[in-house]
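Below is one structure, written out as structure tokens, with a few remarks after it.
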Amino acid sequence: MIHIYGDSHASRSFKNLELPYNDLHCNSITMFRIGRDDIIINFNKNMIKPGDILIMVYGEVDCRCHIQKQVNLGKNDDDVINELVSKYFKTIKNNTIDLDVKIIIVGVIPPVKQDELESIHGPILHEFPFVGSDENRVIYNNKVNKLLEEFANKHNYIYFNPYSYYTRPDGSLKFELSDTDCHLGDNSVFLEKFRELYLQIK
């Protein structure tokens, strides 16, 4: 069985997956919160069996606003990102250390450009707004994904980043493939790449 944990991207990106899975996502949960609280939301060891696959999908909100907020307070972005990712992996390890499972760490989706999203929906003024320039958010996204891959390899987890098809040369999300928000709309290539990975690891 596949168990998918994460924010709204976990649900949207894996929508219509033609494999048995549990969608255990919870909207708007940040990678920071997972690391801070040492809790994976909706995680229940009793529903996990040997050989299951656990998928973790967090980080888009962190790259969209929280990292820049910390930088605006005078912190170094590399320090913020290192702490963010290291605590995230510590939580994953603490909660799964005695489980016989495969763990897949999904990279963070490319950031949507602020003006494209707001041209449709208007200014985003809720608790998770855009903070920082499009260019800075691309930089944070790339740095987070680089560390996610490094930590995944270090912990013998599987790193899954199928977003090259969805990424413009400037590093932003191809808006025509989005849901006109920050998620994938057309996730067919994402699912195709996941099926390829699944056949390799089963």
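Bear in mind these aren't lab numbers, they're just calculated from the coordinates by the rules spelled out. Small disclaimer: the values here were computed from a predicted structure and weren't measured. When we count neighbours, we look across all protein chains shown, and the Cβ atoms used for this are built from the backbone with ideal geometry, even at glycine.
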Query raised in the report: Which value in nm describes the separation of the simple spin-label points at Leu199 and Lys154, placed 7 Å from the Cα toward the beta carbon?
Result: 3.4 nm
Report summary line: Helix-only [θ] at 222 nm, the chain, -39500 (n - 2.57) per DSSP H run of 4+, per residue, nearest 500, equals -12500 deg cm²/dmol
Report summary line: The rounded separation in angstrom of the Cα centers of the range 145-199 and the range 37-61 is 19 Å
Query raised in the report: Quick one: of the DSSP bridges fully inside the chain, what percent are antiparallel, nearest 5?
Result: 10 percent
Query raised in the report: Roughly speaking, what is the stretch gain from Tyr165 to Ser188, that is 0.36 nm per residue apart minus the C-alpha to C-alpha distance, in nm to one decimal?
Result: 7.2 nm
Query raised in the report: How many nm separate the modelled label positions at Met1 and Asp98, each set 7 Å beyond the Cα in the direction of the Cβ?
Result: 1.9 nm
